[in-house]
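A.B. asks: Let me begin by handing over the structure; questions about it come next.
The values are calculated or read from the model by the stated rules, or taken from the named source; none is laboratory data. Being a predicted model, the structure only gives us computed values, none of them experimental. Glycine gets a Cβ as well: all are built from the backbone with ideal geometry, and neighbour counts include every protein chain shown. Note: accessible area is taken over every heavy atom of the protein model, side chains too, but ligands, DNA and RNA are not part of it. Shrake-Rupley method; radii C 1.70, N 1.55, O 1.52, S 1.80 Å.
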Amino acid sequence: MTDIDDHGRPEPPIAADETGTLLGFLDYQRATFAWKCAGLDSAGLRATTAASTMTLGGMMKHLALVEEWWFSQVLHDRPEAEPWNTVDWDADPDWEWRTAADDSPDELRTLWNATVTDSRELVAQALSTGGLDQLARHHWSDGRAAPSLRWIIVHMIEEYARHNGHADLLRESVDGETGE
């Protein structure tokens, strides 16, 4: 049974195996991000703070991209999915950050939630055919070794933890909401 904290986040298990612990912490970080974005309208998701152009909406779209990149494209070597496959990344490397202001809160949340759901399914598929040591199917053009599933999950925990710090500052600047 998973314990849910006061903010609706699943507490990571305190006595699980390595896979359960890693996935528990990744889901906790995802839920922390969802909490930071909860209830905000378009203006809240577009708000910036200090000199940064970073927004919670841009971050939501960026995290959807990162989820899709690591768990679909890298882990399973699948082709780039919509909307990412229509972007000229060389011409607009920050496309997801820039275009989030054009998306409604519902569009952003739907994209992020669907991508997280897909990522969970892709990780479950990978775990059903091998453990955390299995290497991603994507091969780097420069010859570097593919990362393991363990590395990808730890990287995603780090990605969310770093952006959750940004999300704290942005959310507090919108409406004073603070927390971990």
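A.B. asks: Only one residue in A114, A91 is exposed (fewer than 13 other Cβ atoms within 10 Å of the Cβ), modelled with pLDDT of 95 or more and among the aliphatic types (A, V, I, L, M). Which one? So that I can check it myself, show each step before the final result.
C.D. replies: Numbers: A114 fails: exposed (fewer than 13 other Cβ atoms within 10 Å of the Cβ).
Sole residue among the options that is exposed (fewer than 13 other Cβ atoms within 10 Å of the Cβ), modelled with pLDDT of 95 or more and among the aliphatic types (A, V, I, L, M): A91.
A.B. asks: Here's another thing I want to ask about it. Residues in the range 156-171: is at least one more than 16 Å from F33 (Cα to Cα), without any contact (Cβ under 8 Å) to a residue 24 or more places away in the chain and open to solvent by less than 50 Å² (accessible area, probe 1.4 Å)? Give the steps one after another, and end with the answer.
C.D. replies: If we filter the range 156-171 for residues that are more than 16 Å from F33 (Cα to Cα), which is where we start, we get none.
No, the range 156-171 has no match at all.
A.B. asks: Could you tell me which residue of the range 135-149 is modelled with the lowest pLDDT, considering only residues that are open to solvent by less than 70 Å² (accessible area, probe 1.4 Å) and within 23 Å of the chain's Cα centre (by Cα)? Spell out how you get there, then give the answer.
C.D. replies: Kept after step one, since they are open to solvent by less than 70 Å² (accessible area, probe 1.4 Å), are these residues of the range 135-149: 136, 138, 140, 143, 146-149.
When the remaining residues are screened for being within 23 Å of the chain's Cα centre (by Cα), the result is 136, 138, 140, 146-149.
On the way: A136: 95, H138: 92, W140: 83, A146: 92, P147: 95, S148: 96, L149: 97.
Filtering first and then ranking leaves W140.
A.B. asks: To continue, here is another question. Among the numbered criteria (1) open to solvent by 50 Å² or more (accessible area, probe 1.4 Å); (2) within 28 Å of L149 (Cα to Cα), which one does T48 miss?
C.D. replies: Answer for T48: the failing condition is (2).
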